[in-house]
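The next block holds one structure in the form of structure tokens; read it before the comments.
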Amino acid sequence: MDHNLSRREYERAKKFIPGGVNSPVRAFNSVRSQPLFISHGKGSEVFDIDGNRYLDFVGSWGPLILGHAFPDVLEAIKTATEKGTSFGAPTVTETDMARIICEMVPSVEKVRMVNSGTEATMSALRLARGYTGKEKVIKFSGCYHGHVDSFLIQAGSGALTHSVPDSLGVTKGTAKDTLLAEFNNLDSVIKLFGENKNNIAAVILEPVAGNMGVVPPVEGFLEGVRAITEENRALLIFDEVITGFRIGRGGAQEFFGVQPDLTTLGKIIGGGLPVGAFGGKAEIMDCLAPLGGVYQAGTLSGNPVSMAAGYAMLQYLYNHPDIYEKLDEKGRKLEEGFKENLKNTGIDGVVNRIGSMMTLFFTKSKQIRSFKDALLSDTEMYARYFRLALESGLYIAPSQFESMFVSIAHTETEIEEAILKNYQALQKLGK
Ligand SMILES: *Cc1c(COP(=O)(O)O)cnc(C)c1O
């Protein structure tokens with residue numbers, strides 16, 4: 001595979017953009033490689049500017065559950081664009097969008113649109129503090145909630161592989177209000193509530209961790225956190241930026257039957273355009289300006305083109321509830337294939353999966369249930385695996401601590417192709 005044009009473009013980009021990229025993981029640093037510049041995508045495939053074809057399991061990091069350039073979404077974008085791209089005034093699609101979100105996500109009675117997942121979690125935190133009158137927030141090590149100061153404390157995703165769990169520029173004052181618990185460990189949450197009586201505004205978590213690699217909640221964990229937050233009158237925030245509309249139509253809260261007070265959404269909700277949202281009980285949401293005293297605003301929030309794209313996506317998901325069984329089936333095939341490949345090549349690894357989210361951890365451990373378990377993975381091995389996979393045309397996340405995303409565009413043949421490519425890469429790794 002030839003990457004000459006991507007290499008040249010990367011040099012040009014580095015002159016004008018810090019690190020040549022607009023989001024750090026895209027630089028492929030942790031796998032010691034160089035970014036590919038994408039020319040276009042169609043369905044389950046992406047093509048780089050050198051003309052190479054890849055079977056894509058990144059899916060823009062989660063949003064593209066229907067694959068690239070999905071016709072309904074493109075059509076909606078075209079129609080909306082022709083009417084003008086922004087007004088800074090209410091449009092009908094915003095209400096349509098809000099209504100379908102409230103209908104699909106069990107705990108959401110009212111919702112406000114923003115422009116990214118980061119903005120959603122940032123605003124949900126302010127709202128939780130405003131509503132409860134308390135200041136501290138509990139987050140879990142290895143969970144990622146966007147690049148909000150308060151959440152860049154032992155965060156997952158890019159912050160993890162770049163070894164800057166505490167980013168420069170986050171003040172001690174901010175950091176002291178963020179308390180760290182361990183994912184899948186209820187005692188760690190109980191302990192923090194014991195030490196910070198009556199001053200915890202909220203507990204935020206990814207109900208299925210996706211930014212330390214995929215780590216599903218152990219039985220009773222989400223229910224336990226729900227009970228503890230209720231007892232202590234703290235809000236429970238589910239960050240469903242990845243899991244919303246992916247684990248099921250109503251996200252992880254529907255799948256596990258646990259209702260948070262607030263939910264943050266992003267990724268899928270924008271249909272591939274920049275959108276985020278946060279919602280929850282009406283009583284809490286009504287504390288937002290203009291009704292209440294918690295200020296939150298956005299010039300481009302509820303943008304008509306983004307809303308059209310997101311609404312087309314959600315309508316499709318709403319009208320095709322069977323896609324979640326199909327995605328699970330595709331995911332199950334992929335999981336079984338990868339596990340079989342590990343066995344047949346003698347490579348040590350664990351495959352964690354829930355529905356269409358999956359991570360292959362290179363580890364001697366028998367299971368990955370916590371952030372500590374995840375950190376024991378052999379990232380050097382992952383880096384070599386990544387480069388082999390990429391050279392064979394398998395586009396996966398350039399980090400051990402991310403998820404593979406299956407879309408409905410992945411055909412059975414393509415799932416088999418992915419399994420074969422995984423086998424070939426593992427075989428080379430073993431040599
Ligand atoms: C991606 C992500 C975010 C941040 O969303 P952005 O749109 O990148 O700001 C927040 N929370 C979770 C769980 C995410 O995966």
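So which residues in the stretch 119-157 are assigned to a loop (DSSP other than H, G, I, E, B) and more than 12 Å from the ligand (Cβ to nearest atom), if there are any at all?
GLY133, LYS134, GLU135, SER141, ILE153, GLN154
Determine whether SER30 is among the small types (Gly, Ala, Ser) and under 22 Å from the mean Cα position of the chain (by Cα). Break it down stepwise before answering.
Values: among the small types (Gly, Ala, Ser): yes; under 22 Å from the mean Cα position of the chain (by Cα): yes.
Judged against the criteria, SER30 is a match.
Taking only pairs six or more apart or across chains, which ones have beta-carbon atoms under 6 Å, a first residue in the stretch 103-114 that is over 14 Å from PHE245 (Cα atoms), and a second residue that is among the charged types (D, E, K, R)?
Close Cβ pairs satisfying both conditions: GLU109/LYS281.
Which of the residues that make up the stretch 23-33 are more than 16 Å from the ligand (Cβ to nearest atom) and surrounded by 16 or more Cβ atoms within 10 Å (Cβ to Cβ)? I'd like the intermediate steps shown before the answer.
So in the stretch 23-33, the residues more than 16 Å from the ligand (Cβ to nearest atom) come out as 28-33.
Once the filter is applied, which keeps residues that are more than 16 Å from the ligand (Cβ to nearest atom) and surrounded by 16 or more Cβ atoms within 10 Å (Cβ to Cβ), the stretch 23-33 yields PHE28, ASN29, SER30, VAL31, SER33.
In the stretch 253-309, how many residues are small (Gly, Ala, Ser), farther than 30 Å from GLU219 by Cβ and surrounded by fewer than 21 Cβ atoms within 10 Å (Cβ to Cβ)?
Qualifying residue count, the stretch 253-309: 7.
Restricting attention to strands (runs of 3 or more DSSP E) lying wholly within the stretch 177-241, give those where 3 or more residues are in contact with a Lys or Arg (Cβ under 6 Å, 6 or more places away or on another chain). Let's see the steps before the verdict.
On the way: elements: 178-181, 200-205, 235-239.
Here the list reads 200-205.
Here are some residues: GLY51, GLY41, GLY20. Which one is under 26 Å from LEU74 (Cβ atoms) and open to solvent by less than 40 Å² (accessible area, probe 1.4 Å)? Working first, answer last.
Working: GLY51 fails: open to solvent by less than 40 Å² (accessible area, probe 1.4 Å); GLY20 fails: under 26 Å from LEU74 (Cβ atoms).
Unique residue meeting the criteria: GLY41.
For the stretch 38-64: of the residues being in contact with a Lys or Arg (Cβ under 6 Å, 6 or more places away or on another chain) and in a loop (DSSP other than H, G, I, E, B), which is farthest from the ligand (Cβ to nearest atom)?
Among residues in the stretch 38-64 that are in contact with a Lys or Arg (Cβ under 6 Å, 6 or more places away or on another chain) and in a loop (DSSP other than H, G, I, E, B), the one farthest from the ligand (Cβ to nearest atom) is PRO63.
Rundown of residues vs (1) of a type in the set (Asp, Glu); (2) within 12 Å of the ligand (Cβ to nearest atom); (3) on the phi < 0 side of the Ramachandran plot; (4) open to solvent by 10 Å² or more (accessible area, probe 1.4 Å), yes/no style:
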{"residue": "PRO217", "(1), (2), (3), (4)": "no, no, yes, yes"}
{"residue": "LEU222", "(1), (2), (3), (4)": "no, no, yes, no"}
{"residue": "VAL225", "(1), (2), (3), (4)": "no, no, yes, no"}
{"residue": "GLU230", "(1), (2), (3), (4)": "yes, no, yes, yes"}
{"residue": "ALA234", "(1), (2), (3), (4)": "no, no, yes, no"}
{"residue": "GLU240", "(1), (2), (3), (4)": "yes, yes, yes, no"}
{"residue": "THR243", "(1), (2), (3), (4)": "no, yes, yes, no"}
{"residue": "GLY251", "(1), (2), (3), (4)": "no, yes, no, no"}
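Looking at (1) over 30 Å from GLY279 (Cβ atoms); (2) without any contact (Cβ under 8 Å) to a residue 40 or more places away in the chain; (3) under 20 Å from the mean Cα position of the chain (by Cα), find the lone condition where ASN22 falls short.
Among (1) over 30 Å from GLY279 (Cβ atoms); (2) without any contact (Cβ under 8 Å) to a residue 40 or more places away in the chain; (3) under 20 Å from the mean Cα position of the chain (by Cα), ASN22 violates only (1).
From the list GLY133, GLY142, exactly one residue is crowded, with 24+ Cβ neighbours inside 10 Å, under 25 Å from GLY194 (Cα atoms) and out of contact with any strand residue (DSSP E or B) (no Cβ under 6 Å at 6 or more places or on another chain). Which is it? Even if it seems obvious, please write down each step before you answer.
Values: GLY133 fails: crowded, with 24+ Cβ neighbours inside 10 Å.
After applying the criteria, what remains is GLY142.
For ALA181, are the conditions met, namely being open to solvent by less than 10 Å² (accessible area, probe 1.4 Å), touching a Ser or Thr at 6+ places or on another chain (Cβ under 6 Å) and under 20 Å from ALA374 (Cα atoms)?
Judged against the criteria, ALA181 is a match.
Just to be sure I understand, how many residues within the stretch 1-15 are surrounded by 13 or more Cβ atoms within 10 Å (Cβ to Cβ) and at pLDDT 95 or above? Lay out the reasoning, then the answer.
Of the residues in the stretch 1-15, the ones surrounded by 13 or more Cβ atoms within 10 Å (Cβ to Cβ) are 1, 3, 5-10, 13-14.
Now drop any that are not at pLDDT 95 or above, which leaves 3, 5-10, 13-14.
The number of residues fulfilling the criteria is 9.
Evaluate the following for ALA89: is it out of contact with any Lys or Arg (no Cβ under 9 Å at 6 or more places or on another chain) and in contact (Cβ under 8 Å) with a residue 12 or more places away in the chain? Spell out the reasoning first.
On the way: out of contact with any Lys or Arg (no Cβ under 9 Å at 6 or more places or on another chain): yes; in contact (Cβ under 8 Å) with a residue 12 or more places away in the chain: no.
The answer is no for ALA89.
Pairs, please: C-beta under 6 Å, at least 6 apart or cross-chain, first residue in contact (Cβ under 8 Å) with a residue 40 or more places away in the chain and in the stretch 46-66, second open to solvent by 20 Å² or more (accessible area, probe 1.4 Å) and β-branched (Val, Ile, Thr)?
Sorted first by the residue in the stretch 46-66, then by its partner, the pairs are VAL46/ILE38; ASP48/ILE38; LEU66/ILE408.
Right, VAL170: at pLDDT below 95 and not assigned by TED's automatic domain parsing to the domain that holds SER403 or not?
yes
Hey, can you tell me all the residues within the stretch 108-118 that are within 13 Å of the ligand (Cβ to nearest atom) and either over 20 Å from LEU291 (Cα atoms) or part of a loop (DSSP other than H, G, I, E, B) (or both)?
Of everything in the stretch 108-118, those that are within 13 Å of the ligand (Cβ to nearest atom) and either over 20 Å from LEU291 (Cα atoms) or part of a loop (DSSP other than H, G, I, E, B) (or both) turn out to be ASN115, SER116, GLY117, THR118.
Report yes if SER116 is open to solvent by 20 Å² or more (accessible area, probe 1.4 Å) and modelled with pLDDT under 95, otherwise no.
On the way: open to solvent by 20 Å² or more (accessible area, probe 1.4 Å): yes; modelled with pLDDT under 95: no.
No: the conditions fail for SER116.
For the stretch 364-376, how many residues meet the condition of being open to solvent by 10 Å² or more (accessible area, probe 1.4 Å) and either in a loop (DSSP other than H, G, I, E, B) or under 29 Å from TYR324 (Cβ atoms) (or both)? Spell out how you get there, then give the answer.
Taking the stretch 364-376 as the starting set, the residues that turn out to be open to solvent by 10 Å² or more (accessible area, probe 1.4 Å) are 364-367, 369-373, 375-376.
Remaining after also requiring either in a loop (DSSP other than H, G, I, E, B) or under 29 Å from TYR324 (Cβ atoms) (or both): 364-367, 369-371, 373, 376.
Here the count works out to 9.
Hey, can you tell me all the residues within the stretch 119-130 that are under 18 Å from ASP261 (Cβ atoms), open to solvent by 10 Å² or more (accessible area, probe 1.4 Å) and out of contact with any Cys (no Cβ under 6 Å at 6 or more places or on another chain)?
Step one: of the stretch 119-130, the residues under 18 Å from ASP261 (Cβ atoms) are 120-130.
Narrowing further to those that are open to solvent by 10 Å² or more (accessible area, probe 1.4 Å): 122, 126, 129-130.
Scanning the stretch 119-130 gives MET122, ARG126, ARG129.
The values are calculated or read from the model by the stated rules, or taken from the named source; none is laboratory data. Remember, it's a predicted structure, so these values are computed and weren't measured experimentally. Methodologically, a virtual Cβ is constructed for each residue, glycine included, from the backbone with ideal geometry; neighbour enumeration extends over all protein chains shown. For accessibility, only protein heavy atoms count, side chains too; no ligands or nucleic acids. Shrake-Rupley method; radii C 1.70, N 1.55, O 1.52, S 1.80 Å.
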